[in-house]
């Protein structure tokens, strides 16, 4: 029987879980995709304020796009399993490199299908925003993310060099 999972928007009750999630990623040295500026923002309250600033044109930082932050939470124990950021539209950088959706699953909870399910739920949210297709990218070395994207209908588009992270990325489109 499949576990019940929820995509939730972060709020004040998420702060302690955010800090634990961040600590696990820092200890593992893994990439923090789909978490906003988690690597540089230690305080859960500061992170929450930052991701909320992306929700309204009135508070959106210059040069950024409207985005919604989600937490993947397991019903049985309320544990934060993953994070996902859904960008409502693409600017030049997102169109070239990062795409509409970034996501991650905490290292201790990987290889259980959570990323696949989280991405499927995010596609429903993208449809609700009125998007007709979304672009997602992953490192050419990230086989698990590639499988997640393909399992959700991703169609390979191109490979690009990400100068900021100095890595090759594969870009995929998913028709909604």
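Given the residues 53, 137, 108, which is the only one that is surrounded by 15 or more Cβ atoms within 10 Å (Cβ to Cβ) and touching a residue at least 24 places away in the same chain (Cβ under 8 Å)?
The conditions single out 137.
Quick one: which residue in 150, 123 is over 25 Å from residue 26 (Cβ atoms) and touching a residue at least 24 places away in the same chain (Cβ under 8 Å)? Working first, answer last.
Working: 150 fails: touching a residue at least 24 places away in the same chain (Cβ under 8 Å).
On inspection, the qualifying residue turns out to be 123.
Picking from 116, 127, which residue would you name as being surrounded by fewer than 20 Cβ atoms within 10 Å (Cβ to Cβ), in contact with a helix residue (DSSP H, G or I) (Cβ under 9 Å, 6 or more places away or on another chain), assigned to a helix (DSSP H, G or I) and at pLDDT 95 or above?
On the way: 127 fails: in contact with a helix residue (DSSP H, G or I) (Cβ under 9 Å, 6 or more places away or on another chain).
Among 116, 127, only 116 is surrounded by fewer than 20 Cβ atoms within 10 Å (Cβ to Cβ), in contact with a helix residue (DSSP H, G or I) (Cβ under 9 Å, 6 or more places away or on another chain), assigned to a helix (DSSP H, G or I) and at pLDDT 95 or above.
With respect to residue 71, determine if the residue is surrounded by 12 or more Cβ atoms within 10 Å (Cβ to Cβ), modelled with pLDDT of 95 or more and touching a strand residue (DSSP E or B) at 6+ places or on another chain (Cβ under 6 Å).
Numbers: surrounded by 12 or more Cβ atoms within 10 Å (Cβ to Cβ): yes; modelled with pLDDT of 95 or more: yes; touching a strand residue (DSSP E or B) at 6+ places or on another chain (Cβ under 6 Å): yes.
Answer is yes for this residue.
Quick one: would you say residue 28 is touching a residue at least 60 places away in the same chain (Cβ under 8 Å), within 27 Å of residue 140 (Cα to Cα) and loosely packed, with under 14 Cβ neighbours inside 10 Å?
Values: touching a residue at least 60 places away in the same chain (Cβ under 8 Å): yes; within 27 Å of residue 140 (Cα to Cα): yes; loosely packed, with under 14 Cβ neighbours inside 10 Å: yes.
Considered against the rule, which asks whether it is touching a residue at least 60 places away in the same chain (Cβ under 8 Å), within 27 Å of residue 140 (Cα to Cα) and loosely packed, with under 14 Cβ neighbours inside 10 Å, residue 28 comes out as yes.
Out of region 23-40, which residues are at pLDDT 90 or above and within 23 Å of residue 100 (Cα to Cα)?
Keep residues of region 23-40 that are at pLDDT 90 or above, which gives 23-28.
Correct list: 25 only.
Taking region 140-166 on its own, how many of its residues are in contact with a helix residue (DSSP H, G or I) (Cβ under 7 Å, 6 or more places away or on another chain), closer than 28 Å to residue 8 by Cβ and outside any helix (DSSP H, G or I)?
1
The values are calculated or read from the model by the stated rules, or taken from the named source; none is laboratory data. As the structure is a prediction and not an experimental result, all values here were calculated from the model. When we count neighbours, we look across all protein chains shown, and the Cβ atoms used for this are built from the backbone with ideal geometry, even at glycine.
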